Amino acid sequence: MRVAIGSDHAGFVLKDELRVELQKWGHTVLDMGCAGTDSADYPDYAHLVAAAVLDGRADRGLLVCSTGIGISIAANRHAGIRCALCHNCDSAYRARTHNDANVIAFGARYTTFLDARAMLQVFLGTHFSGEERHRRRIDHIESCSG
């Protein structure tokens, strides 16, 4: 799987640890930045990851900022992106099965590497259920974006 990743300065360390893990798992990683802990604006990296997912360079995306809130909001400004801020493996599972989320976000202040790794593994290994009720809701979300 091709995974585009991005973070601001507050999420850099967790993003970089997860980059290494993704590569160990055999995934192709497109690191969209940032490149260190110097101050960086999270919307820049959310937009780059969203673009990579939307244009097909990546199958899924991963975003990290301090809380995960700002970077997920920025990513969700893009029609076709369904970025889920996840806090546990159940939310990562449901983000995929119910919402067909294509980007996962973490808050580095609140998410340990071990928890993020477990959630990411669930997120990447879970398929959308395809149930009509979930498909209908996703269609409704997409019809309101633009």
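Every number in this text was worked out from the coordinates using simple rules, so none of it is lab data. Being a predicted model, the structure only gives us computed values, none of them experimental. Neighbour counts are summed over all protein chains in view; Cβ atoms, including those assigned to glycine, are modelled from backbone coordinates with ideal geometry.
So the values come out like this:
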read-out: Shape of segment 76-146, Cα gyration tensor, a/c cut at 1.5; value: oblate
read-out: Distribution of pairwise C-alpha distances over segment 33-85, 5 Å bins, in %; value: 4, 23, 33, 24, 11, 4, 0
read-out: Cα-projected label distance for S129 with I69, points at 7 Å along beta-carbon direction, nm; value: 2.9
read-out: Convex hull volume of segment 1-78 per residue (C-alpha atoms, cubic angstrom); value: 67
read-out: Charge dipole of the chain about the Cα centre (unit charges at C-beta), most positive-ward option of A116, I73, S91; value: S91
read-out: Within a Gaussian network of the chain (alpha carbon springs, distance under 10 Å), most fluctuating of A50, A58, A84; value: A58
read-out: Selection from Y45, L22, G11 lying farthest towards where the dipole of segment 1-46 points positive, charges on Cβ; value: L22
read-out: Cα centre as origin, Lys/Arg/Asp/Glu Cβ charges: the chain dipole, Debye; value: 360
